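Input: a single structure, listed below in structure tokens.
The values are calculated or read from the model by the stated rules, or taken from the named source; none is laboratory data. As the structure is a prediction and not an experimental result, all values here were calculated from the model. In this analysis, Cβ positions are derived from the backbone assuming ideal geometry, glycine residues included, and neighbour counts consider all displayed protein chains.
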Amino acid sequence: MKISTVDIFRFDLPLNPPFTHASSGTITHLKEVYVKISTECGATGWSEVRGNCEYVTGDTPERVAAVLEHRIAPYLLGKNPMQRNALVKGIEGLIEGNSAAKAAIDIALLDLAGKHLGVPAAMLLGGIVQSSFASDATIAFGSVDQAINEARRYLDAGFRIIKVRVGRDRPGDLARVAAARATIEEYGLQNEVLFCVDANQGWSVKEAALRIKQYEPLGVEWIEQPVPAADIAGLKLLKHASAIPIVADESCKSVSDVAAIAAERAADILHLKIVKAGSLAALQQMMGIADAFNLPVMLGQMDEGRLATAALLHAAAASHAKYFEVWGFQRVRAEDDPASDLKVEGGKVYLPEGPGLGVEVDESRLVKIASVSNNGVA
């Protein structure tokens with residue numbers, strides 16, 4: 001079996017509602033890149049990655065698509081898609097960085113292999129350890145009343161990990177966090193809900209130290225990415241000075257990043273994502289390092305569509321991760337997503353059933369921007 005065609009598509013997923021955080025600004029659409037890998041015998045595999053995540057990976061939809069079309073897809077033609085590890089290693093040697101484009105290929109290869117063998121993708125990652133995932137739900141920037149309403153909606157839906165976006169305006173942030181905490185107490189769930197804040201690199205070390213002190217009386221149980229991604233020294237200083245655990249997210253962009261954070265004891269929890277890792281193999285290496293240092297792991301994603309979420313769910317199913325952020329796709333209405341829906345119930349997201357990723361894609365809704373085959377680029 002050999003790869004005969006790599007098709008690249010674009011599709012924008014409208015967010016309802018849009019979101020804002022300290023790094024991204026306001027995002028109204030997820031600008032997704034989809035990949036379909038086909039073989040001469042008819043086997044196919046699909047993937048989706050977020051294109052507009054410049055604030056984390058440096059990628060844009062145009063960059064992801066161009067790298068796929070001109071560098072990675074030609075390399076894949078004629079190769080055996082079942083040799084995922086060899087292909088991923090070859091792509092790593094082909095081009096530096098470009099983690100989203102690399103992840104798109106690895107996910108599509110995994111989907112193809114699972115479909116070809118008739119097994120869920122998680123079985124090819126070591127087997128299914130867990131099949132439902134209690135996800136966090138995020139309260140976006142907005143007014144105090146909006147924070148209260150979002151907290152109520154999440155609590156009513158069964159979510160028991162609530163995270164508030166902070167990092168832009170200190171007085172407003174404190175009021176929103178206090179309001180969300182009061183809402184949790186109003187429900188009598190203060191002993192059941194894990195209550196967190198995420199600064200998305202929004203503070204300097206000095207600002208973070210001052211603001212963390214402000215959050216301590218509000219029952220905040222972790223602070224995510226308080227300082228810029230590259231400031232591992234600042235992360236470490238806060239980790240050892242803070243009474244609240246520190247989570248590293250944007251700082252965990254590679255296996256070497258995770259190794260450095262673990263060795264320096266610069267964080268209490270690591271938030272890992274496929275689009276940052278660049279491949280499932282790299283993600284599993286990151287989790288292995290975390291496990292060796294007894295560091296809990298949260299597996300998450302950028303806000304993405306259902307196909308990308310399914311890929312993360314299969315990685316999560318084969319892991320021993322403790323926390324999960326797999327809810328963001330719900331900001332996209334099911335009818336606006338070209339991929340089939342996922343099951344969410346009681347604050348948990350469930351692993352899709354069926355071979356491969358277990359998600360179907362309506363190709364007719366996508367915009368094809370390139371098709372790379374042995375006959376050339378169309």
Selected residue [more than 15 Å from the chain's Cα centre (by Cα) and either farther than 30 Å from residue 199 by Cβ or modelled with pLDDT of 75 or more (or both)] from 14, 18: 14
Breaking point among (1) within 15 Å of residue 174 (Cα to Cα); (2) in contact (Cβ under 8 Å) with a residue 60 or more places away in the chain; (3) not aromatic (Phe, Trp, Tyr), for residue 216: (2)
Among (1) farther than 26 Å from residue 120 by Cβ; (2) part of a loop (DSSP other than H, G, I, E, B); (3) acidic (Asp, Glu), the one test that residue 303 misses: (1)
Selection count, the range 285-303, where residues are under 12 Å from the mean Cα position of the chain (by Cα) and more than 20 Å from residue 254 (Cβ to Cβ): 1
Those residues of the range 327-337 which are modelled with pLDDT of 95 or more and closer than 14 Å to residue 50 by Cα, in sequence order: 337
Residues being assigned to a helix (DSSP H, G or I) and not aliphatic (A, V, I, L, M) - total across the range 138-156: 8
Lone qualifier among 113, 104, 182 - being under 20 Å from the mean Cα position of the chain (by Cα) and either of a type outside the set (Asp, Glu) or loosely packed, with under 15 Cβ neighbours inside 10 Å (or both): 104
Positions within the range 339-378 being free of Cβ contacts under 8 Å to residues at least 60 places away in the same chain and charged (D, E, K, R), in sequence order: 341, 343, 360, 362
Checklist (1) crowded, with 16+ Cβ neighbours inside 10 Å; (2) under 30 Å from residue 185 (Cβ atoms); (3) out of contact with any Cys (no Cβ under 8 Å at 6 or more places or on another chain) applied to residue 146, failing item: (1)
Filtered residues of the range 48-71 (kept if touching a Leu at 6+ places or on another chain (Cβ under 7 Å) and surrounded by 23 or more Cβ atoms within 10 Å (Cβ to Cβ)): 48, 50
In the range 283-298, the residues that are in contact with an Asp or Glu (Cβ under 9 Å, 6 or more places away or on another chain) and without any contact (Cβ under 8 Å) to a residue 40 or more places away in the chain: 286, 295, 296, 297
Selection count where residues are among the charged types (D, E, K, R) and not in a helix (DSSP H, G or I), scope the range 54-76: 2
